[in-house]
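Remarks on the structure that follows.
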Amino acid sequence: MTGFRITVDVGGTFSDVAITDAGGRLWIAKAATTRTRASTAIVSAIGVIGAEIDLTVSEVLASTDVFVYRTTRVTNAILERQTARTSTTTP
């Protein structure tokens, strides 16, 4: 089985993964995002889907033609005023 397309959206609380195959089948999974390592949630969600289609995470990734990554973490940090201070204003 080849031709997976994986789309990942890493958010501040959850990461969503959608996988489609060449036949148009769609699988969706969600995992809690860890602040220190976004890949943990991505691997976890791919693992959930992999279990549904009887493949390991490595097998899913090896059969992937397209991997799209996007995140809202920076936007969320700005909105929540959680960014690092980068400059100061002098009077």
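The values are calculated or read from the model by the stated rules, or taken from the named source; none is laboratory data. Computed from a predicted model, the values in this text were never measured in an experiment. Glycine also receives a Cβ, built like all others from the backbone with ideal geometry; neighbour counts cover every protein chain displayed. All accessible areas refer to the heavy atoms of the entire protein, side chains included, with ligands and DNA or RNA removed. Shrake-Rupley method; radii C 1.70, N 1.55, O 1.52, S 1.80 Å.
Summary of computed values
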| item | result |
| --- | --- |
| Helix 38-52 vs. the chain, principal-axis angle (Cα, 0 to 90°, nearest 10) | 20 |
| Highest-first arrangement of 39-48, 55-64, 22-31, where packing means the average Cβ count within 10 Å | 39-48, 55-64, 22-31 |
| Ellipticity estimate at 222 nm from DSSP helix runs (n ≥ 4, -39,500 (n - 2.57)) divided over the chain, nearest 500 | -9000 deg cm²/dmol |
| Segment 33-81: trypsin sites (Lys or Arg not before Pro) in DSSP coil with no more than 16 other Cβ atoms inside 10 Å | 35, 37, 81 |
| Paramagnetic reach from residue 7 in segment 16-56 [backbone N under 11 Å; point 7 Å along Cα→Cβ] | 17-20 |
| Protein accessible area in segment 1-83, 1.4 Å probe - carbon and sulfur % | 54 |
| Added length on full extension, which subtracts the Cα-Cα distance from 0.36 nm per residue, residue 52 to residue 34 | 4.1 nm |
| Sequence-separation-based contact order of segment 1-58, relative, with Cα cut under 8 Å and 6+ spacing, percent | 27 |
| The chain - accessible surface per residue (Å², probe 1.4 Å) | 69 |
| Antiparallel content of DSSP bridges confined to segment 1-74, in %, to 5 | 65 |
| Using θ = phi - 60° and Karplus 6.51 cos²θ - 1.76 cosθ + 1.60, couplings along segment 10-23 (whole Hz; Gly, Pro as x) | 8, x, x, 10, 10, 10, 10, 10, 10, 10, 10, 10, 4, x |
